[in-house]
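S.K.: The following block contains the structure, expressed as structure tokens.
Just so it is clear, none of the values below were taken in a lab; they were calculated from the coordinates. The structure presented is a predicted model; accordingly, all values stated were derived computationally and were not measured. FYI the Cβ positions are ideal-geometry reconstructions off the backbone, even for glycines, and counts take in every protein chain you see.
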Amino acid sequence: MHVDLTGRTALVTGSTQGIGAAIATGLARAGATVAVNGRTPDGVAAAVKRLRAEVPDAEVVPVAADVASEEGAALAVELLPHVDVLVNNLGIFESRPALEITDEEWRRYFEVNVLAAVRLTRAYLPSMTARGWGRVQYIASDSAVVTPAEMIHYGMSKTALLAVNRGFAKEAAGTGVTVNAVIAGPTRTGGVEDFVYELVDRDLPWEEAQRVFMRRHRPQSLLQRLIEPEEIAHMVVYLSSPQASATTGGAVRVDGGYVDSILP
């Protein structure tokens, strides 16, 4: 399948590294003008440089703004007033014993992982529906469905994203704009590598540590390995395309079979 997003502009939040960077690269390869977002100008500039090295003819726009804040979200919209594809990828995670999660941490996870996406959807969706075309996506997680005991505050935030996704899909009904969530399974990123080593012996080589982690902490995975960020990006690029015009309001899984369900 050939996906052509030439003439479309995409904003990927939290796209200086990890899954976000892979999504930005995938959209650029498909011909979209891609806005790379992060909190600091230096971090964004470095990510833009890496993306242009991978996709030399890419049209890339730097958007240095902390979209987890009201002021940062407003700045992002000011810097990039027109968006055809909005990928709400920004998210934080860490392990924490359930009874030790403070009120401040609960609020922070909701602010960063949920409310940031809500603000940007609220900002960009009206112009998409007015034009009759647009794509809004939320990068959720298997933790939205299978709440992890070691980070229930993170799981809560991703469950909330699924509700946000379904609600905004209804708001966009019949307009030509699709709204979807991507349920990402355990994925290999720098942050996840650190997380794995919090739970297994740090002296183990990475390949062995990964296998031990999956066996002990994610045994229900049918893939039995961590997913590569590019594999998540492939689904996001597809959902951003004209070919995905009949897919909306969905929670589409790229989870390696982690969620034990016969439904998507």
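S.K.: With an 8 Å cut-off on Cα pairs and a minimum separation of 6 or more residues, tell me the relative contact order of the chain in percent. Display every interim value, and only then the final one.
M.R.: Numbers: 503 pairs, mean separation 49.1, N = 264.
Relative contact order here is 19 percent.
S.K.: Sticking with this structure for a sec: I'd like to know which of ALA53, ALA209, LEU239 lies farthest towards the positive end of the charge dipole of the chain, counting +1 on Cβ of Lys and Arg and -1 on Cβ of Asp and Glu.
M.R.: LEU239
S.K.: Looking at THR178, VAL87, VAL118, which one has the Cα that reaches farthest to the positive end of the dipole of the chain (charges on Cβ: Lys, Arg +1; Asp, Glu -1)?
M.R.: THR178
S.K.: Below 14 angstrom from the Cβ of PRO97, what's the summed charge of the other residues (Lys, Arg +1; Asp, Glu -1)?
M.R.: Values: positive: ARG96; negative: GLU94, GLU100, GLU105, GLU150, GLU198.
After counting each charged neighbour, the total is -4.
S.K.: Tell me the label-point distance for the pair TRP106, ILE92, using the 7 Å Cα-to-Cβ offset, in nm and rounded to one decimal.
M.R.: Output for this residue pair reads 1.7 nm.
S.K.: Something else now. Where does helix 206-217 land angle-wise versus the long Cα axis of the chain, in degrees 0 to 90, nearest 10?
M.R.: 80
S.K.: Let me ask you something else. Expressed as an acute angle from 0 to 90° and rounded to the nearest 10, what is the orientation of the C-alpha long axis of helix 18-29 relative to the principal long axis of the chain?
M.R.: For helix 18-29, the angle is close to 30 degrees.
S.K.: Provide Rg over Rh for the chain; use the alpha carbon set for both Rg and the Kirkwood Rh (inverse mean inverse pair distance). Please list the in-between numbers first.
M.R.: Values: Rg = 17.7 Å, Rh = 18.6 Å.
Ratio of gyration radius to Kirkwood radius for the chain: 0.95.
S.K.: Counting each pair of different Cα atoms once, what's the Kirkwood radius of region 204-264 in Å, rounded to one decimal? Could the numbers behind the result be given before it?
M.R.: Values: mean 1/r = 0.0745 Å⁻¹.
After inverting the mean inverse Cα-Cα distance, the result is 13.4 Å.
S.K.: Relative to the first principal axis of the alpha-carbon coordinates of the chain, what is the inclination of helix 41-54, with its axis defined by its Cα atoms, in degrees from 0 to 90 and to the nearest 10?
M.R.: 80
S.K.: From the alpha carbon gyration tensor of region 9-141, can you work out the equivalent ellipsoid semi-axes (sqrt of 5 times each eigenvalue) and give them in Å, largest to smallest? Could you put the intermediate results ahead of the total?
M.R.: Values: eigenvalues 126, 66, 33 Å².
Values for region 9-141, descending: 25, 18, 13 Å.
S.K.: Do the sum for the chain: with -39,500 (n - 2.57) for every DSSP H run of n ≥ 4, divided by all residues, what is the mean residue ellipticity at 222 nm, to the nearest 500 deg cm²/dmol?
M.R.: About -13500 deg cm²/dmol.
S.K.: Additional query: From the phi of every residue in region 244-253, what ³J(HN,Hα) in whole Hz does the Karplus formula 6.51 cos²θ - 1.76 cosθ + 1.60 yield, where θ is phi - 60° and glycine or proline is x?
M.R.: Taking θ as phi minus 60°, the curve returns 9, 5, 9, 10, 8, x, x, 10, 8, 8 Hz for region 244-253.
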